[in-house]
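To start, the structure under review is shown below, and the notes come after it.
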Amino acid sequence: MSVETNIIKCSSCEWESSEAILWGRYSYELPNLTRVSLDRTFGWCFTCEDLVPVEDIGRIHTERDIAERNCREAEQILKQVEGSLMSTLGFNRKQITKLKQNRDFARKKLDGVQMLYNVFQSRTSPPRCLTCGESNIVRVNIPEPPPNSVIPTGFAHPGCGGQLIVEHTRFRIAMKFTQENVYSLDGKKIKEIPID
Ligand SMILES: [Zn+2]
Ligand SMILES: [Zn+2]
């Protein structure tokens, strides 16, 4: 599978990157060894001297709201179907099994997100670069350009003086992930797990 990605360039030098740097599988490992998705955004790392994926810790509030809502909805739908006349007559068994699986999945997801939320309430270390693990970073806002256009990011290319710009393209990049990058709750990389 290949996906279109915008190109990120410098207005005055040869430096170039793309939005694809955020792609991939990233997760935190919880104390119970389950993994929960790691939210990331664009940042400039002064150690890597490059545009990198960085931790987006604040997003946990939104993620928790979404997980709670999904859980509530999965429970409501299950209750409705279980309470219907057809179900009391013994129909809908397959559908109910499926809805129970959905609800269990939503609950498990919420458990993980809630655990991460609790940890982040007391986390004192700043967000890290997911490439090198240092916190020597600033977030960079990468806007979405209209079709066939280029727009500025307002971020000056460090050490160059040019500005990072985003170019809308139909450039396609193969989206095949061979590994999951697993991090500690402190944002440090622990291991890579191969994906079949
Ligand atoms: Zn430059
Ligand atoms: Zn770095």
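Of note:
- Largest mean-square fluctuation among ASN92, ASN102, ASN141, in a Gaussian network model of the chain whose springs join Cα atoms under 10 Å apart, belongs to ASN92.
- A dipole drawn for the range 1-132 from +1 and -1 charges on Cβ atoms has a positive end, and of SER87, TYR117, LEU51 the residue lying farthest that way is SER87.
- Ranking of VAL52, VAL119 by neighbouring Cβ atoms within 10 Å, starting from the fewest: VAL119, VAL52.
- DSSP bridge orientation in the chain - percent antiparallel, rounded to nearest 5: 90
- Set LYS9/LYS191; LYS9/LYS176; LYS109/LYS176 screened for pairs whose C-alpha atoms are more than 26 Å apart: LYS9/LYS191
- Charge dipole magnitude, Cβ of K and R +1, D and E -1 - the range 58-125, Cα centre, debye nearest 20: 180
- The chain: most fluctuating residue of GLN80, GLN114, GLN163 per GNM, C-alpha cutoff 10 Å: GLN80
- Ellipsoid semi-axes for the range 58-125, based on the Cα gyration tensor and the rule √(5λ), read 34, 9, 7 Å when sorted largest first.
- The long axis of helix 60-83 is offset from the longest Cα principal axis of the chain by roughly 20 degrees.
- Dipole magnitude for the chain: computed about the Cα centre from +1 point charges on Lys and Arg Cβ and -1 point charges on Asp and Glu Cβ, it is near 960 debye.
- Rounded to the nearest 10 degrees, the inclination of helix 93-121 to the longest alpha-carbon principal axis of the chain is 50 degrees.
- Protection proxy ranking of 36-47, 53-64, by the mean of other Cβ atoms within 10 Å over each peptide's residues and highest first, is 36-47, 53-64.
- Peptide packing: for 171-178, 184-191, the average count of neighbouring Cβ atoms within 10 Å per residue gives the ranking 184-191, 171-178, highest mean first.
Since every read-out is calculated from the coordinates, none of them should be taken as a lab result. Because the structure is a prediction, the values reported are computed rather than measured. Please note: Cβ atoms are built from the backbone with ideal geometry, for glycine as well, and neighbour counts cover all protein chains shown.
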